[in-house]
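Novice: Pasting in a structure now, in structure tokens, and then I'll have a few things to ask.
Read-outs: derived from the displayed coordinates by stated rules, not from any lab. It should be emphasised that the depicted structure is a prediction, and the values quoted were computed from it without experimental measurement. Heads up, the Cβs are rebuilt from the backbone with ideal geometry, glycines too, and the neighbour counts pull from every protein chain shown.
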Amino acid sequence: VDDAMPRHAVMFNPGAPTIALSPEHVVTDTVVPGQAAVHSLAHADVDGDGAPELIASFGAATQERAQSLAGMVVACEVDASGQVTACTDLETTIAADDGLGPAVCVDAAAGIITDYQRGGSGPVPATELVMVCHRPTPKITQVFRVAWDGSQYTSEPLFEVPNTVERIFLGDVTGDAVADLLALDVAPGALVPELRIYPQCTSRDTCEEAP
């Protein structure tokens with residue numbers, strides 16, 4: 001997905017002589033703020049239909065070292081040919097009546113973020129998303145869990161992070177076979193952006209909440 005307007009989504013196959021351009025109306029109808037740059041692209045089968053969705057996140061260019069005033073995170077359906085057919089704005093999953101006002105969502109990462117120990121008993125949980133969103137009215141930034149309930153995407157807040165966190169990632173950095181949350185803090189007061197690590201608890205930990 002490029003940063004030009006209108007947005008274009010392109011699928012590139014190294015084994016094919018050409019690239020596939022998605023229908024422009026899909027990208028245009030997904031009203032990405034014009035001043036927002038691409039933060040991340042990911043693919044994950046979040047709705048469990050056997051086909052991965054394209055998760056695209058937009059926000060301020062990280063080199064600006066500023067909190068995004070506008071952003072968007074979308075989950076897009078992709079057909080067998082690689083064409084984007086429809087997109088859902090995941091910001092709309094945040095409860096409008098939670099008293100915290102509108103949200104500006106700027107990044108998402110896919111992984112397992114529920115009660116699960118790799119190698120344990122029971123089936124592997126479905127892939128979910130974590131999404132980071134600024135709440136300008138109370139001046140807080142929250143991380144949400146986004147999941148598919150069988151008919152629609154839903155979200156629930158997990159915890160708060162600094163207001164200058166603009167990018168998030170999932171990966172096991174503690175070596176316990178459970179994904180941890182990594183957050184890129186672009187606070188302009190720091191000499192360089194900082195990478196924050198939020199370990200996700202396991203059944204062997206004494207902490208009560210995860211991450």
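Novice: Asn163 label point, 7 Å along Cα→Cβ, cut-off 20 Å on backbone N: hits in the range 178-201?
Specialist: Those under the cut-off are 183-196.
Novice: Additional query: Take Ala70 and Asp49, extend 7 Å from each Cα along the Cα→Cβ direction, and tell me the distance between the two endpoints in nm.
Specialist: Once both label points are built, they end up 2.9 nm from each other.
Novice: Let me ask something else. Which shape class, rounded, prolate or oblate, goes with the range 59-110 when its Cα gyration tensor gives a ≥ b ≥ c as root eigenvalues, a/c under 1.5 marks rounded, and past that a/b bigger than b/c marks prolate?
Specialist: Note, shape of the range 59-110 comes out oblate.
Novice: Could you work out the local net charge near Asn163, counting Lys and Arg as +1, Asp and Glu as -1, over the other residues with Cβ closer than 11 Å to its Cβ?
Specialist: Working: positive: Arg135, Lys139; negative: Glu160, Glu166, Asp185.
So the environment of Asn163 carries a net charge of -1.
Novice: Please report the base-10 log of the normalised intensity I(q)/I(0) for the range 55-145, using a Debye sum with one equal scatterer per alpha carbon and no solvent, at each q in 0.18, 0.19 (1/Å).
Specialist: Treating every Cα as an identical point scatterer, log10 I(q)/I(0) equals -0.91, -0.96.
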